[in-house]
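Worksheet: the structure to be examined is printed underneath.
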Amino acid sequence: MLSLLRAVIGRDLRLAMRRQADIVAAVFFFIIVVSLFPLGVGPEPEQLRRMAPGVLWVAALLATMLSLPRLFADDHRDGTLEQLALAPQPLALIVLGKVIAHWLVAGVPLVVLAPVLGVQFDLSSDALTVLTVSLLIGTPALSGIGAIGAALTLGVRGGGVLLSLLVLPLYIPVLIFGAGAVDATVSGLGPQAHLSLLGALALGGVFFAPWPTAAALRVALE
Amino acid sequence: MLEASNLECVRGERRLFADVSFRLDGGEMLYLQGSNGSGKTSLLRMLCALTPAVSGEIRWRGKPIGKLGEEFRSELCYLGHHNAIKEELTPLENMRSSADLAQEPLAEEAALDALQLVGLRGREDLACRYLSQGQKRRAALARLVNEKRALWILDEPYVALDPAAVELVAGLIGAHLQRGGLAVLTTHQAVAVPAGAIRELRLGDDDANDERRSAERC
Amino acid sequence: MTERAINWFAYASPQTFYPLAGKLIPWFWALAALFGIAGLSIGFLFAPTDAQQGEGYRIIFLHVPASWLSMFIYLVMAFWAGIGLAFNIRLSGMMASALAPTGALFAFLSLWTGALWGKPMWGTWWVWDARLTSELILLFLYIGFIALQAAIDDPRRADKAGAILALVGVVNIPIIYFSVKWWNTLHQGASVSLTRAPSMAAMMLWGMLLCALACWMYSIAVALMRVRTIMLERERHTDWVRALLDDKA
Amino acid sequence: MHWNSLGEFLAMGNHALYVWGSVLVMAALMVAEPMLVSRGRKTLLARLRRQYRAERSEATRSRASTTLGSKA
């Protein structure tokens, strides 16, 4: 089981490395969206500090969305997805591997960049730490839940827009607790409650989502 | 071993075929024939349990394939329209990663031998997007060289191949049949397979088609 | 046992369900009108003024039924979708798609009446309260369901994909509800609370229940009308639809 | 009856806009929805009838041409 996960993750990572433009595009999207906000609302440090958690989290959400459509689309187009669906292992396990690989490619760069961008918003070091931790815990849930939407809209007309319509409402709890954790730190309350709820969501998202995703993939292959 | 009874296929609003039944035992091969759009690919996908049949049943070793699930899939090798080749990877990486995904680790030596056999020696380190259609198809077919699963389902395996490669693939299928394996394939090219009993099945020869054809002839 | 099963499946076949639904629809319309007139006249003509909220509270007779129905229809829709997915029954997928627009309508009405009620009561059209936010998400889920089904050409596939989405939504709605609730309580400032009229007179309760029943009957009637249309559309190549249309012509 | 006059009923204790705004929109939509459904049904029926008629006439025509062809 672990060897299968490793094989799926390894393959997807290798593919992503051969196509670095996609990763770079998502990362720059994140940076630009975050940088646009101070330009839009003005440079007052107090206001920026209050906005920072929400802005960074919403930008992370959108940047994750950007890479979701390709999660299964390439495999679908070249027939690899059929082979994965016909593998003697449960498809949900393969999906889990792909979700982890997606997180490593799309989520981890955001986690790494977040503290740097947080500095632009004049966040304290405590808040920066919590921001990074909240993204570290929360982004796997984004990949997991997003996979359901990506599988449902596979091979569908106007899939990209539809994907955001389906997935963004489901992202709301992650957004609330992720941004809430940073918010709580900024305002002097402890972030623990938010972080543990976020952790529960991430566990649920990563381990529950592969099943509906696998079912949706089988429907898409029919 | 593989039995299909009264299969029916509906695509959109059209009924492509109905009442398709056959039985295939070890060492036998089924040639699936029919015009474009007669449902050959759909039938193959049904046999893989990718598409559910509207009605009818498919059994493998006496049990319905829907119930067998993973047990059935572990004995199945499917090669579809698409090559399932990653353009970014080299033929060697493609072979090894698909073997890893199937949990049947393949030694580098064996993979190289297989690639040499299908005529890709010297190109094993070139990303597949630089290969021609025929070469990509060869890279996909290299999987068959070491394939030991009992049931091969091949959708147009000879397409885009030159005569030498066609003969090679026919030889691989023949060897597979000789080992007691089963094969189902569609093709428009009549290719002699060196061993095994061959059955044929034509799709889409129902009355409606005859009527249309006779109408066209007038 | 087997006989009953066969009977049940017979009703699940579009061919028998179509005329049955046709016969039932007028009855549900009649019931909807009956309950609606009774409920509205209690609510708008006879119910006394609310001590705290004045006459504006009468929106409750529209708002609460709409909210109930929007949630209830989603559950029913997910139920049908799940049944269709698990047992591969065509009719249940059709029922799910027939219910979705009506559910979306009630979700919208719930938001609309809620906003019109909120303005005079709390002085604002909208609060980021758990109930309001989840109702909004519910509307998005309905729209997502409808859009997903509309984007897939093959009705069988559309049914299955929609079913998966509906079931994922069922799991998520409580999570969204509680997350917004906690977010709201953990946040400072937003202190507007949505307490309903505390001691509701029996008359108000009756009015509300009757209005809810009217909406319920209305939903069944409209869903049956829509499912009949969907049936004809999907089964247009079958003999029974041809025979039906020949009879009518 | 709770109300003393029609004017009082319509005024709704200074909340007329909100109460009647809710009632009107809800009533309008709940009338519009079944009307839309039944109109969709009528257009579908008309379309299916046209389609069947076209199929029937095509079938007879092709049968005619086949018999002609076999005679020739």
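The values are calculated or read from the model by the stated rules, or taken from the named source; none is laboratory data. Worth saying up front: this structure is predicted, and the values here are computed from it rather than measured. Glycine gets a Cβ as well: all are built from the backbone with ideal geometry, and neighbour counts include every protein chain shown.
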Q | Residues within the stretch D:1-49 that are within 25 Å of the chain's Cα centre (by Cα), of a type in the set (Val, Ile, Thr) and at the interface with another protein chain (Cβ under 7 Å from one of its Cβ atoms), tallied | A | 3
**Q.** Residues being surrounded by 11 or more Cβ atoms within 10 Å (Cβ to Cβ) and either at pLDDT below 90 or within 30 Å of C:Leu244 (Cα to Cα) (or both) - total across the stretch D:24-38
**A.** 7
Q: Return a yes/no flag: does the stretch A:30-37 have any residue that is without any contact (Cβ under 8 Å) to a residue 40 or more places away in the chain and surrounded by fewer than 17 Cβ atoms within 10 Å (Cβ to Cβ).
A: yes
**Q.** Pairs with Cβ under 9 Å, 6+ apart, first in the stretch C:119-130 and more than 14 Å from chain D (Cβ to nearest Cβ) and closer than 24 Å to C:Trp182 by Cβ, second assigned to a loop (DSSP other than H, G, I, E, B) and small (Gly, Ala, Ser)
**A.** C:Val127/C:Ala190; C:Trp128/C:Ala190; C:Asp129/C:Ala190; C:Asp129/C:Ser193
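Quick grid of which residues meet (1) farther than 21 Å from A:Leu62 by Cβ; (2) crowded, with 23+ Cβ neighbours inside 10 Å; (3) at pLDDT below 95:
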position: A:Leu93; (1), (2), (3): yes, no, yes
position: A:Pro115; (1), (2), (3): no, no, yes
position: A:Gly118; (1), (2), (3): no, yes, yes
position: A:Leu162; (1), (2), (3): no, no, yes
Q: Residue by residue through the stretch A:64-80, note down the ones that are in a helix (DSSP H, G or I), aliphatic (A, V, I, L, M) and closer than 21 Å to A:Phe207 by Cβ.
A: A:Leu71
**Q.** Number of the exception - C:Phe79 against (1) at pLDDT 90 or above; (2) over 15 Å from the mean Cα position of the chain (by Cα); (3) more than 28 Å from C:Leu244 (Cβ to Cβ); (4) surrounded by fewer than 18 Cβ atoms within 10 Å (Cβ to Cβ)
**A.** (2)
Q | All helices (runs of 4 or more DSSP H) inside the stretch B:1-87 with 3 or more residues being crowded, with 21+ Cβ neighbours inside 10 Å | A | B:40-47
Q: Test A:Thr80 against the stated conditions and say whether it is of a type in the set (Val, Ile, Thr), crowded, with 19+ Cβ neighbours inside 10 Å and over 19 Å from A:Leu136 (Cα atoms).
A: yes
Q. Looking at this structure, is C:Ser92 in a helix (DSSP H, G or I), of a type in the set (Ser, Thr, Tyr) and within 13 Å of chain D (Cβ to nearest Cβ)?
A. no
Q: Taking A:Thr64 as meeting all but one of (1) exposed (fewer than 15 other Cβ atoms within 10 Å of the Cβ); (2) closer than 22 Å to A:Phe121 by Cβ; (3) not hydrophobic (A, V, I, L, M, F, W, C), write down the number of the exception.
A: (1)
**Q.** Qualifying position, being more than 21 Å from D:Val23 (Cβ to Cβ), in a helix (DSSP H, G or I) and in contact with a Pro (Cβ under 7 Å, 6 or more places away or on another chain), among C:Ile164, C:Ile83
**A.** C:Ile164
Q. Restricting attention to the stretch A:170-185, which residues are farther than 17 Å from A:Thr132 by Cα, surrounded by 23 or more Cβ atoms within 10 Å (Cβ to Cβ) and facing chain C (nearest Cβ under 9 Å)?
A. A:Leu170, A:Pro173
Q | Members of the stretch A:17-59 found to be under 27 Å from A:Leu71 (Cβ atoms) and charged (D, E, K, R), listed by number | A | A:Arg18, A:Arg19, A:Asp22
Q: Find all pairs meeting these conditions: Cβ atoms under 7 angstrom apart; at least six residues apart or on different chains; first residue within the stretch A:192-219 and over 9 Å from A:Ala92 (Cα atoms); second residue of a type outside the set (A, V, I, L, M, F, W, C) and surrounded by fewer than 18 Cβ atoms within 10 Å (Cβ to Cβ).
A: A:Val219/C:Arg157
**Q.** Complete set of residues in the stretch A:186-201 that are touching a helix residue (DSSP H, G or I) at 6+ places or on another chain (Cβ under 8 Å) and either hydrophobic (A, V, I, L, M, F, W, C) or crowded, with 24+ Cβ neighbours inside 10 Å (or both)
**A.** A:Val186, A:Leu189, A:Ala193, A:His194, A:Leu195, A:Leu197, A:Leu198, A:Leu201
